[in-house]
Amino acid sequence: MNPVVEKVAGWREQGKKAAMATVVQVERSGPLGAGTSMAVSEDGEVVGSVSGGCVEPAVFEEAMETIETGRPKLLTYGISDEEAFGVGLTCGGTLHIFVERVDW
Amino acid sequence: MGEILNRWHRALREQAPVALATVVRGPGVGDKLLVTPEEHVGSLASRDLERAVVEAARGMLEGGRTGLRHYGPEGQRRMEDVEVFIQSFAPPPRMYVFGAIDFAGAVARIGKFLGYRVTVCDARGIFATKERFPFADEVVVAWPDEFLKEAEVDRRTVICVLTHDPKFDVPLLKVALGTEAGYIGAMGSRRTHNRRNERLLEEGVTEEDLKRISSPIGLDIGARTPEETAVAIAAEIIALRTGHSGGRLAERDGPIHAPPEETASR
């Protein structure tokens, strides 16, 4: 059983809002494949992951915002630029992640 | 809970095939369809786009593929206006372990860990018991070759022949070679391996077919215990699927991760 879907179904059953973030494309080297997902509930609970831990904090913030606004977004994360304090991947790949509120 | 989430959740629980298609860029971003081999739930901005995506999703579901597809606003091909992410959720792949020995227990356990639906099969009822193989989904008492003839096998299927007795191995491997299984491994010492190959050639198996069999089974990591051997076998199964060498990352350059496969999620 898919733990992310299981958890999201549980939250929605309890009437909680939730957002899902799904990897839709991986360019070059990346730890997890397309279809990998993480979900966030309105009270900040997290299940699953979308990378090796590099971008999860940023995706969490984006997901919390999407829970509020309901607006889906397609995010792209590339190699990290330490000097720019940018959020990024240390593996050198590029991740495309779709974030959406679960109201379907 | 919405209808799509509800149906998705249920399909995964029942291990029924299901695909999700989501518009991730372009008009109608966020629109979603749930697609099964028989029907679909949800709708997209245009009828024709919906029809094109449902058709694509069924094709991808059949092949267990996940990835992005592009369309025009009315579902036209070779246009880029609408980007749709289609994700297949296929039932877990199967692992068949033949020979109810200690090694089989460890292989069944690591098979479960990797997400396989594991069946252990042996002709000897005193060894092939659920108590001895608590991690297996299914323990079957049957002649291995007879059992495999009737078993469900596809390209994701893994077959581990651990009997290392030519009496069982030879007919079983002949049946295995007639399937499209992605991995066929056979356990045995060098001597067993050589004798088994001779017998298989006598029985009309070609040299080309013999190369499909990972024998002796497993990567060369110096495994001794059943658990270590199971790790060697599991690592070989993964390396063959991804086309990697199985050597040490520390001793080679280049990307670490396998190139993205369009494989199904679970």
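Of all the criteria given as (1) at the interface with chain B (Cβ under 7 Å from one of its Cβ atoms); (2) surrounded by 18 or more Cβ atoms within 10 Å (Cβ to Cβ); (3) over 14 Å from the mean Cα position of the chain (by Cα), the one not satisfied by A:Trp11 is (1).
Against the numbered list (1) at pLDDT below 90; (2) open to solvent by less than 30 Å² (accessible area, probe 1.4 Å), B:Ala234 comes up short only at (1). Close Cβ contacts (under 6 Å, 6 or more residues apart or on different chains) running from residues in region A:1-19 that are closer than 18 Å to A:Thr69 by Cα to residues that are basic (Lys, Arg) and open to solvent by less than 90 Å² (accessible area, probe 1.4 Å) comprise A:Ala19/A:Arg101.
So that you can scan it fast, the table gives a plain yes or no per residue for (1) in a loop (DSSP other than H, G, I, E, B); (2) crowded, with 20+ Cβ neighbours inside 10 Å; (3) within 14 Å of another protein chain (Cβ to nearest Cβ):
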position	(1), (2), (3)
B:Phe85	no, yes, yes
B:Cys121	no, yes, no
B:Ala128	yes, yes, no
B:Glu131	yes, no, no
B:Pro134	yes, no, no
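One line per residue, one yes/no per condition, for (1) aromatic (Phe, Trp, Tyr); (2) farther than 24 Å from A:Ala21 by Cα; (3) outside the structural domain of B:Leu162 (by TED's automatic domain parsing):
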| site | (1), (2), (3) |
| --- | --- |
| B:Glu38 | no, yes, yes |
| B:Tyr71 | yes, no, yes |
| B:Ile101 | no, yes, no |
| B:Val107 | no, yes, no |
| B:Phe113 | yes, yes, no |
| B:Val118 | no, yes, no |
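Out of B:Gly59, B:Gly26, B:Gly72, one residue alone is among the small types (Gly, Ala, Ser) and either under 22 Å from A:Leu95 (Cα atoms) or in contact (Cβ under 8 Å) with a residue 40 or more places away in the chain (or both). It is B:Gly26.
B:Arg124 meets all of the listed conditions (1) at pLDDT 95 or above; (2) charged (D, E, K, R); (3) out of contact with any helix residue (DSSP H, G or I) (no Cβ under 9 Å at 6 or more places or on another chain) but one, namely (1). When the residues of region A:18-42 are filtered to those that are open to solvent by 60 Å² or more (accessible area, probe 1.4 Å) and more than 15 Å from the chain's Cα centre (by Cα), the one that is nearest to the other protein chains (Cβ to nearest Cβ) is A:Arg28. Exactly one residue out of B:Leu172, B:Leu201, B:Leu210 is in the same structural domain as B:Ala234 (by TED's automatic domain parsing) and touching a strand residue (DSSP E or B) at 6+ places or on another chain (Cβ under 8 Å), and it is B:Leu172. Whether a residue is in contact (Cβ under 8 Å) with a residue 12 or more places away in the chain, open to solvent by 70 Å² or more (accessible area, probe 1.4 Å), farther than 30 Å from A:Val5 by Cβ and not in a loop (DSSP other than H, G, I, E, B) was assessed, and B:Glu227 passes this test. For region B:178-204, the set of residues classified as within 16 Å of the chain's Cα centre (by Cα), open to solvent by less than 80 Å² (accessible area, probe 1.4 Å) and of a type outside the set (Phe, Trp, Tyr) consists of B:Thr179, B:Ala181, B:Gly182, B:Ile184, B:Gly185, listed by residue number. For B:Arg156, the conditions (1) touching a helix residue (DSSP H, G or I) at 6+ places or on another chain (Cβ under 6 Å); (2) in a loop (DSSP other than H, G, I, E, B); (3) in contact (Cβ under 8 Å) with a residue 40 or more places away in the chain all hold with the exception of (1).
Of the residues making up region B:1-42, just one is polar (S, T, N, Q) and touching a Phe, Trp or Tyr at 6+ places or on another chain (Cβ under 8 Å), namely B:Thr22.
Looking across B:Asp81, B:Asp31, B:Asp48, one residue alone is open to solvent by 20 Å² or more (accessible area, probe 1.4 Å) and under 22 Å from A:Gly70 (Cβ atoms). It is B:Asp31.
The set of residues in region B:1-50 being within 17 Å of B:Met79 (Cα to Cα), within 7 Å of chain A (Cβ to nearest Cβ) and in a loop (DSSP other than H, G, I, E, B) consists of B:Val29 alone.
The values are calculated or read from the model by the stated rules, or taken from the named source; none is laboratory data. This one's a predicted model, so the numbers in the text were calculated from it and none came from an experiment. Reconstructed Cβ throughout: ideal geometry from the backbone, glycine too, with neighbour counts over all protein chains shown. To get the accessible areas, we keep the full protein, side chains included, count just its heavy atoms, and leave off ligands, DNA and RNA. Shrake-Rupley method; radii C 1.70, N 1.55, O 1.52, S 1.80 Å.
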